[in-house]
Each structure stands twice: as structure tokens, then as C-alpha cells.
Amino acid sequence: YGDPRDLHSFPTRRSSDLTYSSSVRVWEMSATRAGQTVQLTAKMDVMVPNNPYGVDPSLDPYHRRDLPVEGAIDANGNERIVAYGGVFVAGKFDGFVNPVYIDAAGAPAYVSLTPDKNTTQLLSQYECAVIPAYSAKGKAMYSTFFGGISEYYWKDGALHHDPANLNIAPPVDGLPFIDSISTLKNNYSSGTPVAGQYLHVQQSFPPASAAPQCAGKPAQYLGAETRFVRVAGAPHYSNEVLKLDNISHKAVIGYLVGGMTADAMYAPPNSCASNMIYTVTLNPSQPTVTKLLVAPAP
């Protein structure tokens, strides 16, 4: 369980072993049990066409990997899947900031893809814990991200992005570990979807008073590969999106389990797997203090 950013140090060698498909693929899987033996068969039904933005690989919205993929609800109240963030923009030390919507469609593709260039995800590009929740009354979709590895980071009251510099010690790859908790809100109430990402300014992951230990020291960064596990009684859609309107009082909605800890933003001398489990409580009558995030000027 190593630092997931280690791949940055040898992209040339890895490219000889692995090839990005730069596509979204649909699979059908079935399992049969015979005694103690489980046999799995997988069939690729279709490969959705590549890169709608042209031949420039840096514009390819499907080249991403190591990303949060979660359920969501669209403007019409339909269930969908959303690919958020992701890392390794072709030819750059960058993460992806535009989500890709995956919706049901007819044969032969079975899904339709919509890269959203009007919505910007500023924090938590690498795979991390995400809590998706939808309010049918408010016509708003909320996706809350917990820490992880990010394109931007919050410091001194503003967002920052570091250009990559691998010639210094420790090297900076521009994708630091962060401890921020943020919520990406898609507001459908006006008829035209409006999206914004909000920082929970008084919250951090891990909580300062309950940071995991790594090599005997507190590790103040967590979130990469952490999982959100919903409690059985939490009201939800079939794609695991919480039904906010059905939660009327303070209640435990799930747990944050595992993940990669680190004690520095870049090239941490101490990083390890977290053995902590955090309880997540939702209180609809006591909102946290939030701030709308704005990307810094390039």
C-alpha cells in the first residue's frame, strides 16, 4: 500500500506496460457457484467512442484513472453515475476538474456520456470517500468529498495550485495531499443547472483531535482510498444516493473507513494505511459554515 503518486516518478516505464483506453466501457458480468468454486464470466458489450474534443490528448475527458465514481440524480430526478476528478491528464502533472455524466441509454451503447465543462471540481481529484445526497424538494444534488489528493489546496483563506517541479527536494508534483472537506452542489431549481463547490471551513479530514498515527506520529492528511459505508437504515436511492428529504433529525448515516494517511502534502516521509473508522452524523437543522470556492487566476 504505497503512495499512489509514486506512478508520477516513472511514467515512461509504465507506458510500456499499460495502455490507457481513453474510453468508457460497459461490462456484463455473471457468477455461478459450484460447491466452493465461483466462476466469473465477463463480456465487453461496447466501447463508447473516444475523445469528443479532438485529437489533443490533454483534452481527452476519458483518459483519467484513480477517481471517485458515484451515484447521482440529474435535473429530471433520474438516477445516473458521475465520474468525478481523476488524475494523470495526458502529458501534464494535473488532475481532471470536469465531471463526466454516465446516463442510461438504449442499445448498442447502453450508456450516454456527457463531459460537463461548465462544472468545476476544485478539490479531491484522487479516489476518496464521497457522500452523495439529493433533495427532491430543493432540486439539488450534493456530493461531499473528504480529503485525499487534490488539484488545488486551501491555505491562508484562498485556493492555491503548485506547478510541478521534480528538481527540488522533496519534489513537487502539483497534486498534494489535503485535509479539506468540500461539497459540490448542483442546483436544478432555476431550470438551468448551476454548480459550485463549497469548502466546509471549520471541518477537516481527519479531525484534528482524531488523526491516525503513522510511524508513531499523527498524520494530518487522510482521504485517498478512504471508503464511505452507508448504514443500513439510511434512506437512499438504488444507486446509493441519500434521500435528504427523508432525514428529518440528527442521525448517523455511515462510516469513513481506511485510506492513506500522510504527514506532509508532498513526498511524505511517513505514510501508511489508516486503521481508523469515523462515524458520520448528519444534522439537517445545524448546517456547517461553508465558503464558495473560486479557482485562482492562472
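The values are calculated or read from the model by the stated rules, or taken from the named source; none is laboratory data. Please read all numbers here as calculations on a predicted model, not as lab measurements. Note: ideal-geometry Cβ built from the backbone for every residue, glycine included; neighbour counts use all protein chains shown. Accessible surface areas use protein heavy atoms only, side chains included; no ligands, DNA or RNA. Shrake-Rupley method; radii C 1.70, N 1.55, O 1.52, S 1.80 Å.
Brief remarks on what is shown
- Anisotropy class of the range 120-253 from Cα gyration tensor, a/c 1.5 cut: oblate
- For the range 212-250, applying the loop criterion from DSSP together with a ceiling of 10 other beta carbons within 10 Å to the chymotrypsin sites (Phe, Trp or Tyr not before Pro) yields no site.
- Of all accessible heavy-atom area on the range 58-125, the percent that carbon and sulfur account for (1.4 Å): 51
- Its convex hull of Cα atoms gives the range 247-292 a direction-averaged projected area, equal to a quarter of the hull surface, of 5.1 nm².
- Per residue, the accessible area of the range 117-215 comes to 42 Å², computed with a 1.4 Å probe over protein heavy atoms only.
- Most positive-pole-ward Cα, Gln213, Ser189, Leu199, against dipole of the range 153-234 from beta carbon charges: Ser189
- Local electrostatic count at Ile73 - Lys and Arg +1, Asp and Glu -1, tallied over other residues with Cβ under 15 Å: -2
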